[in-house]
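Below: one structure, written as structure tokens.
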Amino acid sequence: MEAQANFTADTPLWQLTVGQFTELVESKVKALLQQQQQPTQQAGQDKRYAHSIDELAAALGVSSVTAQSIKNSGAIDGAVSQWRRTLIIDIDLAIDLLRKSNRRHTAAKR
């Protein structure tokens, strides 16, 4: 990047060499890619939500009928918010509740 020392932000484009122009474009592209990757990494830490039984089924890896049965059983009530036909399910919380529910059922069988 020593080529950047030969020009400033006020340097006209026509005064740059091909090498300087290439280096300038590469540095700007790298900076943009880094900015785009940062929100993606933060978004991965956000909670995941399902807005339908089909989305819940896909997240749990079960059929829609099984997902509806799980919801109706009350095992994931803490993760479900529903008002009329609007449904919001916190997937991570639902999975944790199912694990706890499964532990209770397997412990009771022993």
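Per-structure values
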{"item": "Which numbered condition SER81 misses (of (1) at pLDDT 85 or above; (2) assigned to a helix (DSSP H, G or I); (3) over 18 Å from ASN102 (Cβ atoms); (4) not basic (Lys, Arg))", "result": "(2)"}
{"item": "Positions within region 1-11 being exposed (fewer than 11 other Cβ atoms within 10 Å of the Cβ) and at pLDDT below 85, in sequence order", "result": "MET1, GLU2, ALA5, THR8, ALA9"}
{"item": "Pairs with Cβ under 8 Å, 6+ apart, first in region 19-32 and under 17 Å from ALA9 (Cβ atoms), second open to solvent by less than 50 Å² (accessible area, probe 1.4 Å) and modelled with pLDDT under 90", "result": "GLN20/ALA3; GLN20/PHE7; GLU23/ALA3; LEU24/LEU16"}
{"item": "Tally, over region 66-87, of residues that are in contact with a strand residue (DSSP E or B) (Cβ under 8 Å, 6 or more places away or on another chain) and open to solvent by 70 Å² or more (accessible area, probe 1.4 Å)", "result": "2"}
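So that you can scan it fast, the table gives a plain yes or no per residue for (1) at pLDDT below 85; (2) open to solvent by 90 Å² or more (accessible area, probe 1.4 Å); (3) within 26 Å of ARG84 (Cβ to Cβ):
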position: LEU13; (1), (2), (3): no, yes, no
position: THR22; (1), (2), (3): no, no, no
position: LYS28; (1), (2), (3): no, yes, no
position: ALA31; (1), (2), (3): no, no, no
position: GLN36; (1), (2), (3): yes, yes, no
position: LYS47; (1), (2), (3): yes, yes, yes
position: SER52; (1), (2), (3): no, no, yes
position: ALA58; (1), (2), (3): no, no, yes
position: SER64; (1), (2), (3): no, no, yes
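The values are calculated or read from the model by the stated rules, or taken from the named source; none is laboratory data. As the structure is a computational prediction, the values presented were derived from the model and not from experiment. So basically every Cβ, Gly included, is an ideal-geometry build from the backbone, and we count neighbours across all protein chains shown. Protein only, heavy atoms only, side chains kept; ligands, DNA and RNA dropped before computing areas. Shrake-Rupley method; radii C 1.70, N 1.55, O 1.52, S 1.80 Å.
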